[in-house]
Each structure stands twice: as structure tokens, then as C-alpha cells.
Amino acid sequence: MATAAEGLAEGLAEAGAQPPKQDPAVETAEEAKEPAEADINELCKDMFNKMAIYLTGELTATSEDYKLLENMNKLTSLKYLEMKDIAINISRNLKDLNKKYAALQPYLEQINLIEEQVAALEQAAYKLDAYSKKLGNCSQKTSLLD
């Protein structure tokens with residue numbers, strides 16, 4: 001089917017007139033055609049196949065994300081179990097250490113008592129030394145007087 005411009009050009013040519021020049025900026029209209037029924041069915045099938053592929057890919061990606069999350073949760077659970085075991089061992093060792101400290105406590109008290117007695121004995125020795133020096137000075141003075 002010819003366009004309106006072509007039809008006008010043919011009519012003018014038959015009448016012996018010059019057809020108007022085609023302006024490149026002017027578009028010519030064409031009749032819209034409905035695609036054949038078979039083409040629509042093929043296009044629908046193609047669209048549904050592509051949509052199925054797309055949705056399958058989306059669901060696969062989501063499924064993979066959930067599998068990754070599940071693996072991360074399992075790994076985290078194992079790490080927490082390891083940390084729990086470490087905490088139990090630390091607690092047990094701390095209890096043992098506290099028991100040993102309690103067993104040493106009487107000895108530590110004896111050491112503190114001995115340290116206090118040594119300090120008192122040291123003070124007594126300093127006083128005795130100072131007193132003996134005074135006596136030594138007094139005996140020298142009396143011997144000089146004699």
C-alpha cells in the first residue's frame with residue numbers, strides 16, 4: 001500500500017504536473033499493521049521463557065544467599081562453642097588458683113608476721129647501737145677525767 005505522498009506524486013504525474021520535492025525533515029505516515037497471530041504467540045512464548053530464566057536466576061541467587069547465611073551461622077556457632085570451652089577452662093583454672101592461694105594464705109600471714117618482727121628487731125638493734133655508742137662516749141669521758 002502506497003503512502004499519501006506517493007499517491008499524490010503518482011496522481012500529479014498522471015496529470016502531467018511536477019510532484020513536490022520531498023523535504024527530508026518531513027516524515028511520511030505508514031499504516032500500522034497488526035503482527036500475525038503466530039508472531040504474537042511466538043513472542044509470548046519467548047517472553048515467558050526469558051521471564052522464567054530471569055526468575056530462576058533470582059531464586060537461585062536468593063537460595064545461594066540463604067545457604068551462605070546458613071554456613072556463616074554454623075561457623076559462628078562453632079566459634080561460640082570454642083569460646084565457651086575457653087571460658088570454662090579459664091574459670092576452672094581461676095578456681096584452682098584461688099584454692100592454691102587460700103592454701104598459701106597461712107604461710108603468707110606467717111611471712112608478714114616475721115617481716116613485722118624483723119622490722120621491730122631492726123629498730124631494737126638501732127636503739128641498742130645508739131645506746132652502746134652513748135655508753136662508749138660516756139666511758140671515754142670518765143676515763144679522761146680519771
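The values are calculated or read from the model by the stated rules, or taken from the named source; none is laboratory data. What you are looking at is a predicted structure, and each value in this text was computed from that prediction instead of being measured. Reconstructed Cβ throughout: ideal geometry from the backbone, glycine too, with neighbour counts over all protein chains shown. Just so you know, the surface numbers come from the protein's heavy atoms only, side chains and all, with ligands and any DNA or RNA stripped out. Shrake-Rupley method; radii C 1.70, N 1.55, O 1.52, S 1.80 Å.
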- Message: If R₀ is 25 angstrom, what is the calculated FRET efficiency for the pair A102 and S77, using the beta carbon separation as r and rounding to 0.05?
- Response: 0.10
- Gain on full stretching of the segment that runs from M47 to S139 - 0.36 nm per residue minus C-alpha separation: 20.3 nm
- Query: Taking the Cα-to-Cβ direction at K95 and at E37 and moving 7 Å from each Cα, how far apart do the two end points lie in nm?
  - Reply: 8.6 nm
- Message: I'd like the carbon and sulfur percentage of the solvent accessible area for region 58-106, probe radius 1.4 Å, heavy atoms only, ligands and nucleic acids excluded.
- Response: 64 percent
- The answer for region 44-140, accessible area per residue at 1.4 Å probe in Å², is 94 Å²
